[in-house]
1. Considering only region 93-121, how many residues are more than 18 Å from ARG162 (Cβ to Cβ), of a type in the set (Lys, Arg) and out of contact with any helix residue (DSSP H, G or I) (no Cβ under 9 Å at 6 or more places or on another chain)?
2. Please indicate, with yes or no, whether at least one residue in region 142-156 is under 18 Å from LEU36 (Cα atoms), touching a residue at least 24 places away in the same chain (Cβ under 8 Å) and of a type outside the set (A, V, I, L, M, F, W, C).
3. Among the residues of region 86-110, what is the count of those that are within 14 Å of the chain's Cα centre (by Cα) and over 16 Å from GLU33 (Cα atoms)?
4. Restrict the check to region 143-152 and report whether at least one residue is under 20 Å from ILE49 (Cβ atoms) and surrounded by 17 or more Cβ atoms within 10 Å (Cβ to Cβ).
5. How many residues are at pLDDT 95 or above and more than 16 Å from the chain's Cα centre (by Cα) if we restrict to region 173-183?
6. Quick check on my filter: what residues within region 78-98 are closer than 12 Å to ALA169 by Cβ and buried (at least 17 other Cβ atoms within 10 Å of the Cβ)?
7. Going by the conditions given, is GLU134 under 18 Å from HIS183 (Cβ atoms) and within 16 Å of the chain's Cα centre (by Cα)?
8. Please go through region 64-75 and give me each residue that is in a strand (DSSP E or B) and either among the small types (Gly, Ala, Ser) or at positive phi (or both), ordered by number.
Amino acid sequence: MAESIPVAAGGAPFEPPPGGEGMDAMNDVRARERPLAVAIAALVHDGAILLIRRRRGDYPGLWGLPGGKIEVGEHLAQAAIREVLEESGIEASFSRYLGCVSEHLVEDGRVCRHFILHVCALAPRATGIRAGPEGELRWCPIERIGGMRARIIPSDFLIIERMVAGDGAGYYDCVLEKAGGRHALKKFA
């Protein structure tokens with residue numbers, strides 16, 4: 001199978017400068033050509049779920065479930081626990097695997113990001129939140145999550161509704177379209 005070659009604007013092959021400079025840019029281009037494995041943590045305590053308002057990344061300003069990429073050599077449960085600790089200061093333990101969402105983020109008619117979201121239920125060992133660099137954190141009552149729908153990453157809203165609060169654990173294909181800073185859900189099935 002031939003390896004795809006990153007291209008620069010205008011269709012010319014991406015060539016890093018001599019001496020290895022620019023390799024980070026080349027690696028970033030290649031990384032965006034492959035799906036990114038992500039551990040998503042669903043922490044529920046007394047009917048409330050932990051949400052983070054993202055400061056950066058693909059969904060800045062939107063609330064979502066804590067989580068992040070799975071590091072090389074790290075098991076899924078370890079990644080989910082680590083991400084929650086890094087983002088909130090909350091120690092947790094792995095409860096169960098809820099399922100997987102294959103999420104395409106589409107911009108200008110093309111898939112610009114492909115995430116494989118592994119959704120894990122975690123049990124918090126404490127509930128005190130430590131502010132971190134990733135964003136504001138809040139325990140949100142699940143029964144009132146519908147009132148926040150417009151402010152939650154669309155796929156995360158459905159993960160909470162179907163996989164966490166409902167009985168829809170399993171597998172979902174998801175397509176989100178980004179236009180003008182807004183995200184529209186096109187598919188979650």
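The values are calculated or read from the model by the stated rules, or taken from the named source; none is laboratory data. Keep in mind that this is a model prediction, so the values were computed, not measured. No Cβ is skipped: glycine too gets one built from the backbone with ideal geometry, and neighbour counts run over all protein chains shown.
1. 1
2. Checked against the condition, which is being under 18 Å from LEU36 (Cα atoms), touching a residue at least 24 places away in the same chain (Cβ under 8 Å) and of a type outside the set (A, V, I, L, M, F, W, C), region 142-156 yields at least one hit.
3. 4
4. Looking through region 143-152, at least one residue is under 20 Å from ILE49 (Cβ atoms) and surrounded by 17 or more Cβ atoms within 10 Å (Cβ to Cβ).
5. Final tally of qualifying residues: 0.
6. LEU98
7. It is false that GLU134 is under 18 Å from HIS183 (Cβ atoms) and within 16 Å of the chain's Cα centre (by Cα).
8. Result: GLY64, GLY67, GLY68.
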